[in-house]
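Since the structure comes first, as structure tokens, the remarks are kept for the end.
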Amino acid sequence: VGAAERFELLQLLEGSEHALSADESTWYITWCEEAARLAHGGGAYAAALDLQLRAITQLGPVAWRDQPARMFELHLRAAENALVIDRTGLVDQLLDSAWAHHPTPMERVRAMRVLGNRWWTRQDQRGGIAEMQSLLRELGERFPTKPTGYHVARELMATRMAIRGMEPEQFVTAAPLRDELVRAKLDTMLSAVHLAYTTEPLTHVLLVLR
């Protein structure tokens with residue numbers, strides 16, 4: 001069955017999900033997820049959100065016990081789409097539901113970009129920075145909660161030592177970063193750079209250098 005036919009079948013099935021058998025329900029949820037990815041890729045964020053919400057509803061609360069990673073991913077992707085179309089109340093609802101089921105640190109890293117945008121729109125920059133610092137500690141990255149000029153000076157020296165002798169082209173030709181833990185730390189720090197820029201200048205400089 002092609003993508004166009006799946007979209008049409010999903011439209012026809014809307015409101016009749018309760019009549020599906022267990023096997024049919026499994027296919028229905030998978031099709032919703034795949035169609036949502038296609039819709040998001042095409043810029044149809046409202047349609048993608050609708051499909052993700054249908055998948056979440058069809059899976060039901062029991063899926064948090066049986067398929068927690070899948071449920072977290074659905075909630076996160078739905079929150080991203082809801083944020084784009086300015087449904088901030090739904091963003092809060094989806095993220096609060098995901099957080100209530102104790103996501104792993106790596107899952108929380110993936111959610112930091114959406115959370116960063118939410119903190120920004122709420123003008124709760126300090127709350128976002130605090131979450132970043134907490135997550136960094138869980139990932140094993142030491143980062144001062146209240147940076148001083150001393151911390152910035154040390155970080156600047158460390159940065160200069162790390163890039164000493166390097167040419168700009170080497171940043172382009174270097175091997176891709178494949179260490180998942182290091183990537184997680186970087187993603188976490190990047191998620192809060194814009195928050196620190198307006199409220200905590202020393203934290204901002206420290207993040208950029210790190």
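The values are calculated or read from the model by the stated rules, or taken from the named source; none is laboratory data. Quick caveat, the model's predicted, so the values are computed rather than measured. Please note: Cβ atoms are built from the backbone with ideal geometry, for glycine as well, and neighbour counts cover all protein chains shown. Side chains included, ligands, DNA and RNA excluded: accessible areas come from the protein's heavy atoms. Shrake-Rupley method; radii C 1.70, N 1.55, O 1.52, S 1.80 Å.
Check the range 25-48 and report whether any residue there is farther than 30 Å from G116 by Cα, open to solvent by 70 Å² or more (accessible area, probe 1.4 Å) and either assigned to a loop (DSSP other than H, G, I, E, B) or not charged (D, E, K, R) (or both).
Yes.
Out of the range 55-67, which residues are open to solvent by 30 Å² or more (accessible area, probe 1.4 Å) and either within 15 Å of Y28 (Cα to Cα) or in contact (Cβ under 8 Å) with a residue 40 or more places away in the chain (or both)?
T57, Q58
Can you say whether E14 is open to solvent by 50 Å² or more (accessible area, probe 1.4 Å) and over 30 Å from E180 (Cβ atoms), as far as the supplied structure shows?
Against the criterion (open to solvent by 50 Å² or more (accessible area, probe 1.4 Å) and over 30 Å from E180 (Cβ atoms)), E14 qualifies.
Each row is one residue, and each column tells you yes or no for (1) touching a Gly at 6+ places or on another chain (Cβ under 6 Å); (2) touching a residue at least 12 places away in the same chain (Cβ under 8 Å); (3) among the acidic types (D, E).
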residue: M112; (1), (2), (3): no, yes, no
residue: E138; (1), (2), (3): no, yes, yes
residue: H204; (1), (2), (3): no, no, no
residue: V208; (1), (2), (3): no, yes, no
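Using the structure shown, decide if R70 is of a type in the set (K, R), buried (at least 16 other Cβ atoms within 10 Å of the Cβ) and farther than 17 Å from R113 by Cα.
Judged against the criteria, R70 is a match.
Across the range 93-110, which residue is nearest to L49 (Cα to Cα) among those that are out of contact with any Asp or Glu (no Cβ under 9 Å at 6 or more places or on another chain) and either open to solvent by 30 Å² or more (accessible area, probe 1.4 Å) or modelled with pLDDT under 90 (or both)?
Among those residues, the one meeting the criterion is Q93.
Quick one: A79 ticks every box in (1) open to solvent by less than 60 Å² (accessible area, probe 1.4 Å); (2) farther than 20 Å from R110 by Cβ except a single one, so which number is it?
(2)
Go through (1) crowded, with 17+ Cβ neighbours inside 10 Å; (2) within 14 Å of the chain's Cα centre (by Cα) and name the single condition Q125 misses.
(2)
What number of residues in the range 155-198 are open to solvent by less than 40 Å² (accessible area, probe 1.4 Å) and either over 20 Å from L115 (Cβ atoms) or hydroxyl-bearing (S, T, Y) (or both)?
Total satisfying the criteria: 4.
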